[in-house]
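Scroll down for the structure; my scribbles are underneath it.
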Amino acid sequence: MSPIIQSLLLVTAQVIVLLTVSPFLVGLIRKVKARFQCRQGASVFQPYADLAKLFRKQPVISTTTSWIFTATPYILFASTLSAGLLVPTFTTQTPLNFAGNIIALVYLLALGTFFLILAGLDAGSAFGGMGSSREAIIASLTEPAMILSIFAIALTAGSTNLSTIVHKTALLEGIATDPSPHLMALAALFIVALAETGRVPVDNPATHLELTMIHEAMVLEYSGRYLALIEWAAGLKLAVFLSLIANVFAPWGIATTLAPTTMGIGLVVYVVKIAGLAVLIGVIECMFAKLRLFRVTDLLGVAFILALLGLLFFYILRS
Amino acid sequence: MQISPHTGSQLVDLCSALLLLTCFAIVAQRRLSACVDLFALQSAFLVLTAALVAFLTGNPHIYIAAGLTGLIKVIIIPRVLKKVIERLNVKRELVMNINVPAGLLICGALVMLAFFITQPIIPLGFLLTRDSLAIALAIVLIGFFTMIARQKAVTQLVGFLVMENGLFLGATAATYGMPLIVELGVFFDVLIAALIAGIYTNRLQDAFDSVDTTHLTVLKE
């Protein structure tokens, strides 16, 4: 098989895996929360039906909006999906391996966030503006924490390419095996993941009617297929973060070769791992209350310091 | 069971890293009772580290020191502090001399400082615990910083106890623990200090209806 066809197949496979798995993760978290609250809850496949319904609905667009409003869902979806192609999922070979590393990943996600913030302001509603301003605060605080934690991991593996990092960790070759930097980076990245995907200690994804909402406030004006794209992109972002955490810190079981059997095992292990993480997020959402907006900086400060400590430990413990 | 020195050294490093992690949690925590719980957790990690060092080096007297740490710092002192907190009319500390995000950044800088100070010394050592020295110094500095940053007597006391934990870790890391008689003396001192500070906090509450130590800087007629 020629390398071009091979990488095209990989891209297609990863796109399909990410797109199918992301609504499932959202549904799974909702199901876990429902069971914890002694409710039956909707089926875990409900988000697929929601997306299908939204795609069929006619979108309504405010007459005061500009092109940014209609372009944002596509930009957000495309940038999140391309970020997803930089993260190893079921195999260590990432499809866009040649095109970018973890720094590209961080800023592809930031691009989507940036346009979403603009779109929130675009419609001119008070809620949208409030949501955008809060999202900007959180995004500016998570970015340094995320970059530093990723640097801590990159230093231990000696590369900023995610594919190389995961491959080396999975085979335990050429890695400084000291666990402390990894532990700190994991804790930091987990907090960042909760903040970036709008999960409970920072934002409440289950509400449309609260003064404290962030993500929902920005997308309040959207409807129809635009809303579907944004919701799907939010699910994708969750899947990207969970894959990142699962595969960088626990890459066991991932396919390190392109043989069909190892890829099959890798796919099953991957789905189990991220489903496990999604359940964990659901449990956290049930156990903790949402933080007050001005206390979010404390939490993200902790994430930043943890990431910084991860970096420091790499140097302290190297001797 | 035999653990290779390299793995042993990594395990000790991991345990001391967890100790440092709880320090940061204490700096970021506003609820008084949660601060005390975190201190108990930190002491539990300290017990684990000391027991690990005792196991790796085969020095039985470190086991005794670890056991005493467990008894005094994980069980007795947190209980005493919880009793004190129950009597107070504040549950959380809202005003601090330095706010939480700034405090966290300063503590990050303190860790770097500790690292740079110990950097020339560490390669001279030959013990498997030598890397923990930087972390021990960082914990001492953070404990000291907590005493400066907080206004309530209880959290200042927690800062003091954190410093003591750092010193114990440092002694274990640098010399595999002090002679047992010295350790016993230190434990007794810490226990008495915690008890006295507990009584002092209660007196403060009675006299000023608050445990804010800044009241002590002004004269009362």
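The values are calculated or read from the model by the stated rules, or taken from the named source; none is laboratory data. Predicted model only: the values in this text are computed from it and were never measured. Ideal geometry is used to build each Cβ from the backbone, glycine not excepted, and the neighbour counts take in all protein chains shown.
Is it the case that some residue within the range A:289-301 is under 24 Å from B:Arg30 (Cα atoms), at pLDDT 85 or above, buried (at least 22 other Cβ atoms within 10 Å of the Cβ) and within 14 Å of chain B (Cβ to nearest Cβ)? Checked the range A:289-301: at least one residue is under 24 Å from B:Arg30 (Cα atoms), at pLDDT 85 or above, buried (at least 22 other Cβ atoms within 10 Å of the Cβ) and within 14 Å of chain B (Cβ to nearest Cβ). Within the span defined as the range B:86-100, every residue fails to be surrounded by 15 or more Cβ atoms within 10 Å (Cβ to Cβ) and closer than 21 Å to B:Val190 by Cα.
Residues in the range B:114-136 that are within 11 Å of another protein chain (Cβ to nearest Cβ) and within 22 Å of B:Val158 (Cα to Cα): B:Ala114, B:Ser132, B:Leu133, B:Ala134, B:Ile135.
Pairs under 6 Å by beta carbon, first residue among the aromatic types (Phe, Trp, Tyr) in the range B:98-115, partner part of a helix (DSSP H, G or I), six or more apart or different chains? Going by the 6 Å Cβ cut-off, the qualifying pairs are B:Phe115/A:Ile316; B:Phe115/B:Ala134. Evaluating B:Lys152 against the criteria (1) at the interface with chain A (Cβ under 10 Å from one of its Cβ atoms); (2) of a type in the set (D, E, K, R); (3) closer than 28 Å to B:Leu32 by Cα leaves one unmet condition, (1). Scanning the range A:105-124 for residues being hydrophobic (A, V, I, L, M, F, W, C) and outside any helix (DSSP H, G or I) gives a total of 1. Looking across B:His6, B:His61, one residue alone is out of contact with any His (no Cβ under 8 Å at 6 or more places or on another chain), part of a helix (DSSP H, G or I), within 11 Å of chain A (Cβ to nearest Cβ) and not acidic (Asp, Glu). It is B:His6. For the range B:165-221, the tally of residues that are more than 15 Å from B:Ala66 (Cβ to Cβ), modelled with pLDDT of 80 or more and either outside any helix (DSSP H, G or I) or in contact with a Gly (Cβ under 8 Å, 6 or more places away or on another chain) (or both) stands at 1.
Would you confirm whether or not the range B:121-132 contains a residue that is among the small types (Gly, Ala, Ser) and over 23 Å from B:Ala109 (Cα atoms)? Yes, the conditions are met somewhere in the range B:121-132.
Counting the residues of the range B:109-129 that are among the polar types (S, T, N, Q) and over 19 Å from B:Ile142 (Cβ atoms) gives 1. Among the candidates A:Leu220, A:Leu148, A:Leu189, the residue that is farther than 26 Å from B:Ser132 by Cβ and in contact (Cβ under 8 Å) with a residue 24 or more places away in the chain is uniquely A:Leu220.
Restricted to the range B:84-100, and to residues there that are assigned to a loop (DSSP other than H, G, I, E, B) and farther than 18 Å from B:Tyr200 by Cβ, the residue that is nearest to the other protein chains (Cβ to nearest Cβ) is B:Asn99. On the basis of being more than 14 Å from chain A (Cβ to nearest Cβ) and either in contact with a strand residue (DSSP E or B) (Cβ under 6 Å, 6 or more places away or on another chain) or farther than 15 Å from B:Thr213 by Cβ (or both), does B:Gly103 make the cut? Considered against the rule, which asks whether it is more than 14 Å from chain A (Cβ to nearest Cβ) and either in contact with a strand residue (DSSP E or B) (Cβ under 6 Å, 6 or more places away or on another chain) or farther than 15 Å from B:Thr213 by Cβ (or both), B:Gly103 comes out as no. Looking at this structure, is A:Ser82 within 29 Å of A:Val248 (Cβ to Cβ), of a type outside the set (A, V, I, L, M) and touching a helix residue (DSSP H, G or I) at 6+ places or on another chain (Cβ under 8 Å)? Considered against the rule, which asks whether it is within 29 Å of A:Val248 (Cβ to Cβ), of a type outside the set (A, V, I, L, M) and touching a helix residue (DSSP H, G or I) at 6+ places or on another chain (Cβ under 8 Å), A:Ser82 comes out as yes. The residues of the range B:190-221 that are under 24 Å from B:Leu94 (Cβ atoms) and among the aliphatic types (A, V, I, L, M), listed by number, are B:Ala197, B:Leu204, B:Ala207, B:Val211, B:Leu216, B:Val218. Residues that are touching a Ser or Thr at 6+ places or on another chain (Cβ under 9 Å), crowded, with 20+ Cβ neighbours inside 10 Å and assigned to a loop (DSSP other than H, G, I, E, B) do occur in the range B:122-129, at least one of them. Helices (runs of 4 or more DSSP H) fully within the range A:1-102 that include at least 1 residues being modelled with pLDDT of 90 or more and charged (D, E, K, R): A:3-36, A:46-56.
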